[in-house]
1. Let me confirm one metric for peptide B:21-30, namely the mean number of other chain beta-carbon atoms within 10 Å of its residues' beta-carbons.
2. Considering only DSSP beta bridges whose two residues both sit in chain C, what percent are antiparallel, to the nearest 5?
3. Could you state the per residue volume, in Å³, of the convex hull enclosing the Cα atoms of region B:243-313?
4. Which of B:350, C:163, B:137, B:196 comes first, and how do the rest follow, when ranked by fewest Cβ neighbours within 10 Å?
5. Go ahead and run the numbers for FRET between residue B:136 and residue B:53, Cβ-Cβ distance against an R0 of 35 Å, rounding to 0.05.
6. Tell me, what is the FRET efficiency for residue C:218 and residue C:264 to the nearest 0.05, using R0 = 56 angstrom and their Cβ-Cβ distance as r?
7. Relative to the longest principal Cα axis of chain A, at what angle does helix A:121-135 sit, 0 to 90 degrees, rounded to 10?
8. Can you compute the radius of gyration and Dmax for chain A, using only the Cα atoms, both in Å?
């Protein structure tokens, strides 16, 4: 299968966003009113060029022969590890406000290290404790940054 | 000029001021290393401390912070692909690749020496030209900035390792992102969808940390070549500094970087990111090995690092003599001067010569301090990379999340960072290098504002041709487009344009 | 070397650090028993920030010697800072410092943001900004009348720069120009430095920005008239619009301190009394004077009255300007 064609979705998606933006803005108001450019002038021009560039890119991808595609170096992918990282990032994004930074590190970090990176449990715990402590000391105490404390810890104070 | 230099050095070498420069440089480097927490936040915390100091001492300390942060920002760019602020985005492109090739020490070294040389040359330039600077920048209004930034945007398409068309796509996607937030002219909200945190636009730091730092760590999570070990582990101390061959390649880049940085730094509306990547693209264009750019070319670190340091020092001239700050940090330093009762303006040089020349001379000293501080630190920083990647990668993740949060103590910044991280990762998987997006994003705001101001001022596009400087810049832009077009057509004929980079991991 | 930096940092952050620590453990028997915070919606260095730092430096002696810390929370045109104060405990330890006129304008211009008159409780007014009409030093006009005659007779719209659409200086300037139907065209810049520079470069004919931004540029530009009800103490030779026989619907913007709306009136009264005394100190007067910012104390009740009046009187003017641009 041609690797390049499976990657057509990206320029297509960008092109679709560009055209949708253009149409929505263009129908909304004129580009120039009384000699003064309106806020939509630049976004409209930008989306037009973006659309054109996406079309050219897609055309090149369709046109080029499979032989012209430089095959990727053979590399072993670890999708499980990626999933653990994505899950950790998601946890930080969603739970940071409610759980607080330090507690979240205490929960997420050992999981990520043990299951994602396959670090032995005792090492993972040690690293978590040290990291949590360093972050707390440097940011909370030294730099007086108010890291999110979360619902639980805020309630104690 | 020599009596000015002597007056300046008299002020700058007073023990108090030397101490302030040292403290400032050290704090600056430290906060530069932390992503997020930037010089603006730091200076606002330290402002009450500077109240007790004489104006010159206070400003010398703030300059130290400013210059230190500039250098500190490049350290994380090189080591972990996390740019501390917008000026060090360009350093990520080749600096981090050098680190991957086992040349982190050389990259850090050339950044330090380049900054030092650029700083010294810029200071000399200021000494020679300072009184004439208000006249020099007089011809630069919105039409000139619009054309200058347009030239910059055209150069953006030459950045990146995924071909002109894809760079163009990324650049225009970046321009699109730059339109989010309060409209620079009408003041209305565009694409903010009612979110207050988007009023000021998408922050450059979340965008850059996400697209570079988070995307990098996700790539490392998906597939890192364990046999290659990123070559971090076989570092030897004697490889810590740039080799003679690397010096030979960097020397002209440092020279050009100083000149470009100084000249563009005098234009307050241009901003430091334009400075650094104009230097980068010029190095790439002049290089005999353009294909190495984006894969660890040392000129790609030396040029922009020199230029942004030279530029940030030159930027003091318009700030002090015209009251025009070129960056938020400069704005804060200007405010600090005001609080100390020093009114910036064309009369500053005659009214407060000690402040003006003291600041300029203290930059010489801060540069000296920075290099003495940082060169021994290189070996420590490089040793960080010896941490096995199973620990290093999770630690970078934590570092990025804390960094994103400390920008403004806003959870929304963390969201944006992580969102752009995933976007950057997908882009890279699909063979798109996101670097042009970040650079175009930075320029997009300036471009749109000055373009629309020009159109109002001139009541149409004629204004760009009526004014000599903007007409010349416009010709440069047209020439650049022609060169790219001709080159692309020639490549198409030979069929080479059909070969694009497949994937980057 | 890093250690030196961190130690110095520690010293610098100590103020902020202790505040936060105390903020968590303190218990209010007698107000104030811990440090206060003033949240400012602008980055450090601007006029509003200077007011905040000046009042923060002069307040402690009237508040049991408790420290007053300025916290800059820029973003969302100052809305983020106000929202942060509104969301903090109504115990009088968190204050907001805002330019009230700007807040009133933003609410109409953007259609959102807090309503100062309803969403917060006023403490006092501590200063004000006034806009002024500025021309180049060598411009051939002695006063507003001469200048207006010249503008009126211009064949094409006269270009002028201001600090951004929806800023106080834009609205104040445009309201005056609209009042006399002068043929002008505004070019928005971001902040007074850029607006002033465009004037100095000759890109525009005149400019409207705050009186304090003339400091340091006396040899390049001069003001023809101040849009205010009284002369500016630092520009005593520049007459007001009224003195020159001109009517203008919008005057200055006061700098106000607010607390969350549920704050105990007794506490508000205590802070108000302290602010009244602080505004009279030399520390406060000097700190504002170097930046060219006038001192103007108003009581809590007068502060509230100003906001309500401005909301009522300004809204139609702002809406008209918004509709025209």
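Where a number appears in this text, it was derived from the coordinates with a stated rule and is not lab data. Only a predicted model underlies this, so the values are computations on that prediction, with no experimental measurement involved. Glycine also receives a Cβ, built like all others from the backbone with ideal geometry; neighbour counts cover every protein chain displayed.
1. 5
2. If I count the DSSP bridges inside chain C, around 60 percent turn out antiparallel.
3. 72 Å³
4. B:350, B:196, B:137, C:163
5. 0.65
6. After rounding to 0.05, the efficiency reads 0.75.
7. The answer is roughly 80 degrees.
8. Final numbers for Rg and Dmax: 24.6, 71 Å.
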